Amino acid sequence: MFPMLKPVPTLMSCLFAMMLLCSARPAAVAKSGPVAMTAPMGAAWHKLTTEPYRGKQDDIHFVDARVGFYVNGSGRIYRTVDGGDHWTEVLHQPGTYFRTVGMVDGQLGFAGNIGTEYFPGVTDTIPLYVTRDGGDHWSPVTGIGGPQVKGLCAIDVLRTHFVNAGQPAERVLVHAAGRVGGPAFLMRSLDAGATWKSIDLNDQIAMITDVRFFDEMNGLVLGADDANIERAHAVMASTRDGGVTWQRVYTSARPYEIMWKVSFPTRQIGFATVQSYDPDTTVTHRIVAKTEDGGRTWREIPLVDAFPVREFGVGFADPQTGWVGTSTGGFETRDGGRSWKRVEMGRAVNKIRIVPEGRSYVAYAIGVEVFKFSTLPPDSSGKR
């Protein structure tokens, strides 16, 4: 379903209209450092065969180009082991709204729940679940130190390298944050989810829709500065001390806005989507925020001039090549955001994952449906 924020009649009517519209119709391993990749020859977006879903599905994550998971608001988690050709339901848990998923490897992973008092029918108060057997079983994450987390919208998995007693070693950082509409909390693990602590960020940001860390100390959260959409401005905050202190690095000048998702194809270059819920039909400019200094400063670049467009996910394979998902379909750039063209990659794409495959890559996009960017199958049956 589409985001519902704190009670504003004009927003509610807008969101229910969006839900009716829908019903009528890089992976963790890549984050250890930027890798030069090229698109597969003849690659294009094509729809994968998945279970029908009424509304927007929110997250998809791949361990590699073959093994992946996606989640949705019906309490379902699906798994593929063949690059999305076939999907198996591994969990159905009514009352849970799975908003986000992040895998450490083929066995260990996490799924986040948006929590109660937001979407109708959600009764589950547990924010985070873990699997240790490749998705066959999921259980609540317990023993979280810090304040109670209401719900989650994003999970960030990062592999880092360090020297331990003179030997190279690896550390896996997992951050989970939320939620849209507030309240704003960050969950943090420095040991691949073995232990967790939570951080209350409500003094810095009213809601969190995405999180991205670059190492143990440096990271970003994004969302809005007010839970009431009439007063909300899109914001992003950064930390350089592991979440102890935060500084605003972007605030939109317009109300009715939320910063939604972020993508960094390199450590220095990043792109973030900015949603507009302004009911004024003369407010038609849709923009993307771009940084070229690692997130310290951001500037706005135009996406399209069209009132019906509401932005969701963003994913860049390299500094020039990327995609944005919106309520009316996808947009593609091949020149770093200087120009955009419409592309068929599904409606309301909320998350785009770029996954290395040798020296090339594939990409997955989830929204109302699930799409894959790769060499097209030779016929409509999906046979390769």
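Key figures for this structure:
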item: Qualifying position, being in contact with a strand residue (DSSP E or B) (Cβ under 8 Å, 6 or more places away or on another chain), closer than 26 Å to TYR256 by Cα and in a strand (DSSP E or B), among ILE301, ILE354; result: ILE301
item: Which listed residue is surrounded by fewer than 16 Cβ atoms within 10 Å (Cβ to Cβ) and either at pLDDT 50 or above or in contact with a Phe, Trp or Tyr (Cβ under 6 Å, 6 or more places away or on another chain) (or both), from THR38, THR80; result: THR38
item: All positions within the stretch 85-143 that are among the acidic types (Asp, Glu), under 22 Å from TYR364 (Cβ atoms) and surrounded by 14 or more Cβ atoms within 10 Å (Cβ to Cβ); result: ASP85, ASP105
item: Strands (runs of 3 or more DSSP E) fully within the stretch 192-239 counting 1 or more residues that are modelled with pLDDT of 95 or more, in contact with a His (Cβ under 9 Å, 6 or more places away or on another chain) and under 14 Å from LYS261 (Cα atoms); result: 207-213, 219-224
item: Yes/no for THR328 being surrounded by 21 or more Cβ atoms within 10 Å (Cβ to Cβ) and hydroxyl-bearing (Ser, Thr, Tyr); result: no
item: Unique residue being part of a loop (DSSP other than H, G, I, E, B) and modelled with pLDDT of 95 or more when the list is GLY313, GLY325, GLY382, GLY337; result: GLY337
item: Residue check for THR209: of a type in the set (Ser, Thr, Tyr) and surrounded by 23 or more Cβ atoms within 10 Å (Cβ to Cβ); result: yes
item: Selected residue [surrounded by fewer than 23 Cβ atoms within 10 Å (Cβ to Cβ) and at pLDDT below 95] from PRO302, PRO319, PRO308, PRO356; result: PRO356
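The values are calculated or read from the model by the stated rules, or taken from the named source; none is laboratory data. Quick caveat, the model's predicted, so the values are computed rather than measured. For neighbour counting, all protein chains shown are included, and Cβ atoms are generated from backbone atoms with ideal geometry for every residue, glycine included.
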